Amino acid sequence: MASGTITSAMTGDYGLQVKWTSEPDIATNTSKVTVKVYVLYPSINISSRTGCYTTINGSKVEFKTSAIKDEYKGSKLLTTRTVTVQHDEDGTKSIKIVAYFPIYLKSESLGWIYEKKASGTAVLDDIPRASTISSAGIS
């Protein structure tokens, strides 16, 4: 099982983080990829948000978040999404993951913070493929 973390740049003590895992299926040459998106350090109240999205391997899905109360001082899970990804013929696969969260908060030192975006590449475990067997020269 492959896994990884993609974190946006922190601005005004806020960030966006993606944690992903993948489980390969040798028989189908696919992997089930699960992505969890977190907002980091939401130390003030944030009302519910629309216009949030994740993109996994080119497939974009929008989602809405509920309000985030200031009791979440470390991280808050925004959404979880699972997709099945087809590997290349040789069993390898890397995919692009993007998460977007509109924040619209005012920071005393930074002014308005409008959005957070985390993006990166996930390299999935290789899936072994059967070799081609040739019968040439056998009689």
From the list I95, I68, I56, which one is of a type outside the set (G, A, S), farther than 16 Å from S119 by Cα and open to solvent by less than 10 Å² (accessible area, probe 1.4 Å)?
I68
Find the residue count for the stretch 17-51, including only residues that are in contact (Cβ under 8 Å) with a residue 40 or more places away in the chain, of a type in the set (S, T, N, Q) and not in a strand (DSSP E or B).
1
Given the structure, is K32 open to solvent by 70 Å² or more (accessible area, probe 1.4 Å) and more than 17 Å from E115 (Cα to Cα)?
yes
Residues of the stretch 35-53 being of a type in the set (S, T, Y) and over 12 Å from A118 (Cα atoms), in sequence order, are Y41, S43, S47, S48, T50
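Test E62 against the criterion of being part of a strand (DSSP E or B) and open to solvent by 80 Å² or more (accessible area, probe 1.4 Å), and give yes or no.
For E62, the condition - part of a strand (DSSP E or B) and open to solvent by 80 Å² or more (accessible area, probe 1.4 Å) - is met.
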Condition test on G4, is it small (G, A, S), surrounded by fewer than 15 Cβ atoms within 10 Å (Cβ to Cβ) and under 19 Å from K117 (Cβ atoms)?
no
Which one is modelled with the lowest pLDDT, of the residues in the stretch 106-128 that are hydrophobic (A, V, I, L, M, F, W, C), closer than 13 Å to M10 by Cβ and in a strand (DSSP E or B)?
I113
Is it the case that some residue within the stretch 66-73 is among the hydroxyl-bearing types (S, T, Y), in a strand (DSSP E or B) and at pLDDT below 95?
no
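The values are calculated or read from the model by the stated rules, or taken from the named source; none is laboratory data. What you are looking at is a predicted structure, and each value in this text was computed from that prediction instead of being measured. All Cβ positions, even for glycine, are placed from backbone atoms using ideal geometry, and neighbour counts span all protein chains on display. The area values use the complete protein model at the heavy-atom level, side chains included, leaving out ligands, DNA and RNA. Shrake-Rupley method; radii C 1.70, N 1.55, O 1.52, S 1.80 Å.
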